Amino acid sequence: MTPRSGTTRVRSPELHGDTIFWSLPVAHAIVRVPPAGPDGGAVIEQANRALCDLVGTTPDELVGSTLEEVVAHETTATTASALLRAGAGRLGWPALLRRPRGAEGLRVEIKATELDELPDGDREFVVSVLPGPQRRSRPDAPNPSHLHDIVEKSPALIYIKDTQRRFVYANEYFAQHFGASAASLIGQTNDVVFPPEMARAFDENDALVFSTGRAHEFEEPAVGPHGAYRSVKFPLFDGEGRVVAVAGISTEITDLKRAQASARAARDRAEKASQAKSELLSRMSHELRTPLNAIIGFGQLLQRRALPGDAQQAVSRILDASSLLLTFINELLDQARIEAGHIDIQLEVVHAVAPVASAVELLSPLAGRHGIELAVDLHAGLYQFVEADPRRLKQVLINLITNGIKYNRRNGRVDVRFAEVDVATLRILISDTGPGLDPDDLDKLFLPFTRLAAAEVGTEGTGLGLALSKRLVEAMGGTIGVLPQDGTGSTFYIDLPRREATPEAVASVLADDAPEDPDELPEFPAPTRVLYVENDDTNVELVQKILALRREIELAVAGTGESGVARARAIRPDVVLLDLHLPDMSGEQVLAALRADPRTAAVPVAVFSADATDARIRQIRCAGADDYITKPVAVLELLRRVHALTTGRTHDG
């Protein structure tokens, strides 16, 4: 880019006798050259401190002398004034210092910029005396030209502006960057050199440095959609401490900004893809669980009836197949959540025995049906605490114990016990007496959709359980694996980090809740009014039949969100069961309307939905739902959850 306007012959009044000129880091002089004719030399009118230091004298001694007395062309006898009149200053020429009190014989380079032609015909130049390449006596001797090269050729814009925001110095890189000569920039202001938007930003930042009298770092605009400079600007002071100029060093960061923009775009695309995956998981969960809710629910209702033997067996097979399908759906959705980065882990300090005892109690009937002895030794885990998600740890234990039961020999055994690894780790061991594992298959054991022993014995399975268990345990900060075998059975282990007991964890150990009879129906006060907001006839019929098991319950049904809110205001139910997918409004909108109305704000609301994603459950609970019941749900589980809401107890989800 070239300056928008400019000239090679400029005058900046502040160059003469000014602190800025005196403080310039490169040796400079202002010289007057007479017109062609008898050569009186190039008379020095002003000399800055850098030149005085280089020559080894004072300004008073230099002013009035000639440039020829200070330097001589290195290879010819041509005078400085002749070279300046010929325009050699633009390209520069090699010279040697002549002053005896300075660095005599020092090689320098002379460059010049013409300022004005004076009324008497003389011409005025700003002459730069730059260090040149030296003949060094030692290979490691410092070269004074290095400082000049650093300033002039550094890949950064280095410049100085006076109090009128005019450039009084710009390095060579600055000029090359904007496709201009350094001379054409001297005396110009931001609005002449740069486009309006850039000029305004530079003016504002320069003004801030002048007004505060201290250095600032800025990100300033450059040409292009992502163009930017990172600039450090700092004040220059005169001998009395007044700010007389601002100096700046600016580095172009356009490539960095472009990369950042690209990264933001990639992140936005990833977030959109992640959101799409979340929506797909939510929809899959809803569509797959909804029909299972009816199958399992009506099947359990049939089980409670006195059916002929073959009919009872058929119902049991339906429920077993439904349970297997539900397990497959849960594992498939969990695996998809993990791959999408959406798995929800809620770490807390847990009494190690609790999830183990719960899983063993749940699987005891399955072990009995398979003729397997399920033995558990909890002693080494008593009053030991680990960091884990209790729900996810129980899920992993159920998977490992179930595998031990299914892939076992007739009249076999599954042992669950604890072992100490070290002071920081507690180990849970699950051993079986099955055929064991082929050593060649161990490296494939935790791969998704891989079935090893199951494929040989014809046992149903998805091939997802171990892969999912590994991801869950690792997400909890633990490890899972299989121990070396002696040819009989297999032993899996889960290592979890030990933790100090928290008051909440201790309280859970000391709690003495009487166990509930798994087949006992909870008793409700009469009447207990339940409002079910649902538009699916099958789901409505199922809930009607389940709640009808308790005569104290009076059920009202609303098929739309609007009618559900109206019925709730009219009958003031004891509990609201709310589906999320309604034809006229979302379940969240219904929940918000109920919470906003003083007549229904205190009514317990349980969302009853097949959308079982962790994020969705957390979102709805935060929105004010007292419970979130996922479909499919067991008959007794639904009754217990509704009962808990009527007694002021909410499920911990």
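The values are calculated or read from the model by the stated rules, or taken from the named source; none is laboratory data. These figures come from a predicted structure and were not determined experimentally. For neighbour counting, all protein chains shown are included, and Cβ atoms are generated from backbone atoms with ideal geometry for every residue, glycine included. Accessible surface is based on the protein model in full, side chains and every heavy atom, while ligands, DNA and RNA are left aside. Shrake-Rupley method; radii C 1.70, N 1.55, O 1.52, S 1.80 Å.
Regarding A388, is this residue in contact (Cβ under 8 Å) with a residue 60 or more places away in the chain, of a type in the set (A, V, I, L, M, F, W, C) and under 17 Å from S469 (Cα atoms)?
Values: in contact (Cβ under 8 Å) with a residue 60 or more places away in the chain: yes; of a type in the set (A, V, I, L, M, F, W, C): yes; under 17 Å from S469 (Cα atoms): yes.
Yes; evaluated as a whole, the condition is true for this residue.
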Answer residue from the range 402-436, given it is among the small types (G, A, S) and over 40 Å from the mean Cα position of the chain (by Cα) and is farthest from V356 (Cα to Cα) among those:
G436
Of all residues in the range 39-52 being outside any strand (DSSP E or B) and modelled with pLDDT of 85 or more, which is farthest from G132 (Cα to Cα)?
A42
Scan (1) more than 46 Å from the chain's Cα centre (by Cα); (2) in a helix (DSSP H, G or I) for the single condition G371 breaks and write down its number.
(2)
Limited to the range 187-223, what total is found for residues that are closer than 14 Å to I160 by Cβ, open to solvent by less than 30 Å² (accessible area, probe 1.4 Å) and not in a helix (DSSP H, G or I)?
2
So, first residue under 15 Å from Q260 (Cα atoms) and free of Cβ contacts under 8 Å to residues at least 40 places away in the same chain in the range 214-233, second residue basic (K, R) and assigned to a strand (DSSP E or B), Cβ within less than 6 Å, six or more apart or across chains; the pairs are E219/R230
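Which of the residues spanning the range 398-435 are in contact with a helix residue (DSSP H, G or I) (Cβ under 8 Å, 6 or more places away or on another chain) and among the small types (G, A, S)? I'd like the intermediate steps shown before the answer.
First, the residues of the range 398-435 that are in contact with a helix residue (DSSP H, G or I) (Cβ under 8 Å, 6 or more places away or on another chain): 398-403, 405-407, 414, 416-420, 426, 428, 430-432, 434-435.
Of everything in the range 398-435, those that are in contact with a helix residue (DSSP H, G or I) (Cβ under 8 Å, 6 or more places away or on another chain) and among the small types (G, A, S) turn out to be A419, S431, G434.
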Exception for A36 within (1) at pLDDT 85 or above; (2) surrounded by fewer than 19 Cβ atoms within 10 Å (Cβ to Cβ); (3) more than 26 Å from T163 (Cβ to Cβ) falls at (1)
Kindly list the number of the only condition in (1) modelled with pLDDT under 90; (2) farther than 20 Å from L472 by Cβ; (3) open to solvent by less than 30 Å² (accessible area, probe 1.4 Å) that fails for D432.
(1)
What are the residues in the range 574-599 that are in contact with an Asp or Glu (Cβ under 8 Å, 6 or more places away or on another chain) and in a helix (DSSP H, G or I), if any?
G587
Looking at the range 600-648, which of the residues that are at pLDDT below 90, open to solvent by less than 30 Å² (accessible area, probe 1.4 Å) and in a loop (DSSP other than H, G, I, E, B) is farthest from V575 (Cα to Cα)?
T613
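Only one residue in S364, S358, S323 is polar (S, T, N, Q), in contact with a strand residue (DSSP E or B) (Cβ under 9 Å, 6 or more places away or on another chain), closer than 27 Å to T491 by Cα and without any contact (Cβ under 8 Å) to a residue 40 or more places away in the chain. Which one?
Values: S358 fails: in contact with a strand residue (DSSP E or B) (Cβ under 9 Å, 6 or more places away or on another chain); S323 fails: in contact with a strand residue (DSSP E or B) (Cβ under 9 Å, 6 or more places away or on another chain).
It is S364.
Yes or no, residue by residue, for (1) of a type outside the set (S, T, N, Q); (2) closer than 24 Å to R618 by Cβ; (3) surrounded by 15 or more Cβ atoms within 10 Å (Cβ to Cβ); (4) within 41 Å of the chain's Cα centre (by Cα):
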{"site": "V315", "(1), (2), (3), (4)": "yes, no, yes, no"}
{"site": "D334", "(1), (2), (3), (4)": "yes, yes, yes, yes"}
{"site": "I343", "(1), (2), (3), (4)": "yes, yes, yes, yes"}
{"site": "S358", "(1), (2), (3), (4)": "no, yes, yes, yes"}
Go through L447, L496, L468 for me and flag whichever is open to solvent by less than 20 Å² (accessible area, probe 1.4 Å), of a type outside the set (G, A, S), in contact with a helix residue (DSSP H, G or I) (Cβ under 8 Å, 6 or more places away or on another chain) and modelled with pLDDT under 90.
L468
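Mind checking which residues of the range 471-487 are of a type outside the set (A, V, I, L, M, F, W, C) and open to solvent by less than 20 Å² (accessible area, probe 1.4 Å)?
As a first pass, look at the range 471-487 and keep what is of a type outside the set (A, V, I, L, M, F, W, C): 471, 474, 477-479, 481, 484-487.
Passing the criteria: G478, G481.
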Which pairs have Cβ atoms under 6 Å, sit 6 or more apart or on different chains, and link a residue in the range 542-553 that is open to solvent by less than 70 Å² (accessible area, probe 1.4 Å) to one that is part of a helix (DSSP H, G or I) and not polar (S, T, N, Q)?
L542/A294; L542/G297; I546/V635; I546/L638; I553/L547
When every residue in the range 572-587 that is out of contact with any strand residue (DSSP E or B) (no Cβ under 6 Å at 6 or more places or on another chain) and open to solvent by 50 Å² or more (accessible area, probe 1.4 Å) is compared, the one nearest to A526 (Cα to Cα) is R572
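Out of the range 588-599, which residues are touching a helix residue (DSSP H, G or I) at 6+ places or on another chain (Cβ under 9 Å), open to solvent by 10 Å² or more (accessible area, probe 1.4 Å) and over 25 Å from E287 (Cβ atoms)? Let's see the steps before the verdict.
Pass one, the range 588-599, residues touching a helix residue (DSSP H, G or I) at 6+ places or on another chain (Cβ under 9 Å): 588-591, 593-594, 597, 599.
Checking which are open to solvent by 10 Å² or more (accessible area, probe 1.4 Å) leaves us with 588-589, 593, 597, 599.
Answer for the range 588-599, where residues must be touching a helix residue (DSSP H, G or I) at 6+ places or on another chain (Cβ under 9 Å), open to solvent by 10 Å² or more (accessible area, probe 1.4 Å) and over 25 Å from E287 (Cβ atoms): A593, D597, R599.
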A careful count of residues in the range 165-186 that are in contact with a strand residue (DSSP E or B) (Cβ under 7 Å, 6 or more places away or on another chain) and part of a loop (DSSP other than H, G, I, E, B) gives 3
Just to be sure before I move on: is A266 more than 30 Å from H581 (Cα to Cα), open to solvent by less than 50 Å² (accessible area, probe 1.4 Å) and either part of a helix (DSSP H, G or I) or in contact with a Lys or Arg (Cβ under 6 Å, 6 or more places away or on another chain) (or both) in the structure I sent?
yes
Looking at L67, L96 in this structure, which one is in contact with a Gly (Cβ under 9 Å, 6 or more places away or on another chain), open to solvent by 30 Å² or more (accessible area, probe 1.4 Å) and modelled with pLDDT of 85 or more?
L96
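Every residue, every condition in (1) over 14 Å from H643 (Cβ atoms); (2) at pLDDT 90 or above; (3) among the small types (G, A, S); (4) touching a His at 6+ places or on another chain (Cβ under 6 Å), yes or no:
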{"site": "E516", "(1), (2), (3), (4)": "no, no, no, no"}
{"site": "E541", "(1), (2), (3), (4)": "yes, yes, no, no"}
{"site": "I546", "(1), (2), (3), (4)": "no, yes, no, no"}
{"site": "E552", "(1), (2), (3), (4)": "no, yes, no, no"}
